[in-house]
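Engineer: Following this message is one structure expressed as structure tokens.
Bear in mind these aren't lab numbers, they're just calculated from the coordinates by the rules spelled out. The shown structure was predicted, so the numbers you read here are calculated from the model rather than taken from an experiment. Backbone-built Cβ (ideal geometry, glycine too); neighbour counts: all protein chains shown.
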Amino acid sequence: MGLPKRLTEMQMKFAELLVFGDENGPLTQTEAAIKAGYSPKRARVEASELTNPKQCPLVVKYIGELKEERIKKHEVTYEGHIAELGKLREAALRKGSFSSAVNAETNRGKAAGLYIDRKIIKTGKLEDMSEQELEAKMKQILDDYAQIIDVTPSRSSESSLPKPEES
């Protein structure tokens with residue numbers, strides 16, 4: 001019998017439905033087969049065969065091409081992202097929406113790496129700790145940082161910062 005030389009209309013519709021879905025969103029292989037016109041009784045088997053590269057290499061190749069097309073259509077590049085944010089900023093300025101323009105410019109700066117978002121997550125509260133736990137925690141902190149700070153208690157009002165060496 002041999003392999004077919006080209007795709008049928010139903011095979012192309014199956015591939016398109018499988019990759020792009022329908023108006024309600026993504027479809028399973030079986031749903032795509034049914035919507036493409038295959039018998040509901042055999043839809044699961046047909047879908048399995050259509051996605052098998054040994055049985056239907058042209059369909060599998062077409063599905064791969066459609067997926068590549070979808071990826072390129074929605075691809076986000078650094079240059080495109082920055083340009084789009086610039087367009088949004090200019091449109092906001094033309095409309096007098098300065099807050100939106102500032103947000104667009106801030107987002108351009110973030111995308112360019114000009115801003116660093118820093119988040120500090122603290123767990124537990126000092127108020128929930130007992131006096132012994134607080135003392136243990138302070139001792140641990142002093143021990144951990146003893147090499148970089150002077151931890152000797154000062155009896156005068158002088159700073160406890162290391163003093164420069166005299167020559």
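Engineer: Would you kindly state the longest site-free stretch of the chain, with sites defined as trypsin sites (Lys or Arg not before Pro) in a DSSP loop (not H, G, I, E, B) surrounded by at most 15 other Cβ atoms within 10 Å? Walk me through the numbers before you get to the answer.
Structural biologist: Numbers: sites that count: Lys5, Arg6, Lys41, Arg42, Lys54, Lys95, Arg118, Lys119, Lys122, Lys125, Arg155.
After excluding every exposed loop site, the longest remaining stretch is 55-94.
Engineer: Just to confirm a number: summing +1 for Lys and Arg and -1 for Asp and Glu over residues other than Pro26 whose beta-carbon lies under 15 angstrom from that of Pro26, what do you get? Spell out each step's value before the answer.
Structural biologist: On the way: positive: Lys35, Lys67, Arg70; negative: Glu16, Asp22, Glu23, Glu31.
Surrounding charge for Pro26 is -1.
Engineer: Something else about it: On a 0 to 90 degree scale, rounded to 10, what angle separates helix 78-94 from the longest Cα axis of the chain?
Structural biologist: 80
Engineer: Shape call for the range 38-112 from the C-alpha gyration tensor, a ≥ b ≥ c root eigenvalues: rounded (a/c under 1.5), prolate (a/b greater than b/c) or oblate? Walk me through the numbers on the way to the answer.
Structural biologist: Values: a/c = 5.38, a/b = 3.33, b/c = 1.62.
Because a/c hits 1.5 or more and a/b exceeds b/c, the range 38-112 counts as prolate.
Engineer: Using a 10 angstrom cutoff on alpha carbons, build the Gaussian network for the chain and name the most mobile of Gln11, Gln132, Gln55.
Structural biologist: With Cα springs under 10 Å in the chain, the top fluctuation among Gln11, Gln132, Gln55 is at Gln132.
Engineer: May I pose another question? Taking the Cα centre of the chain as the origin, how large is its charge dipole in debye, to the nearest 20, when only Lys and Arg (+1) and Asp and Glu (-1) carry charge on their Cβ atoms? All intermediate terms of the calculation are to be shown ahead of the outcome.
Structural biologist: On the way: 27 positive and 27 negative charges, 268 e Å.
Value, rounded to 20: 1280 debye.
Engineer: Next up: The range 74-147 to the range 1-72: how many Å between their Cα centroids?
Structural biologist: Spelled out, the Cα-based centre of one part sits 44 Å from the other.
Engineer: Would you mind checking the tilt of helix 57-73 against the longest principal axis of the Cα atoms of the chain, expressed as 0 to 90 degrees and rounded to 10?
Structural biologist: It works out to around 40 degrees.
Engineer: Apply 1/(1 + (r/R0)^6) to the Cβ-Cβ distance of Leu114 and Lys67, taking R0 = 35 Å, and write down the FRET efficiency to the nearest 0.05. Before the final figure, lay out each step's value.
Structural biologist: Details: r = 35 Å, r/R0 = 0.99.
Efficiency, from the Cβ-Cβ distance: 0.50.
Engineer: Based on the alpha-carbon gyration tensor of the range 9-73 and its eigenvalue square roots a ≥ b ≥ c, which shape applies: rounded if a/c is under 1.5, prolate if not and a/b is larger than b/c, or oblate? Mind dumping the intermediate values first?
Structural biologist: Values: a/c = 2.22, a/b = 1.20, b/c = 1.85.
It comes out oblate by the Cα gyration axes.
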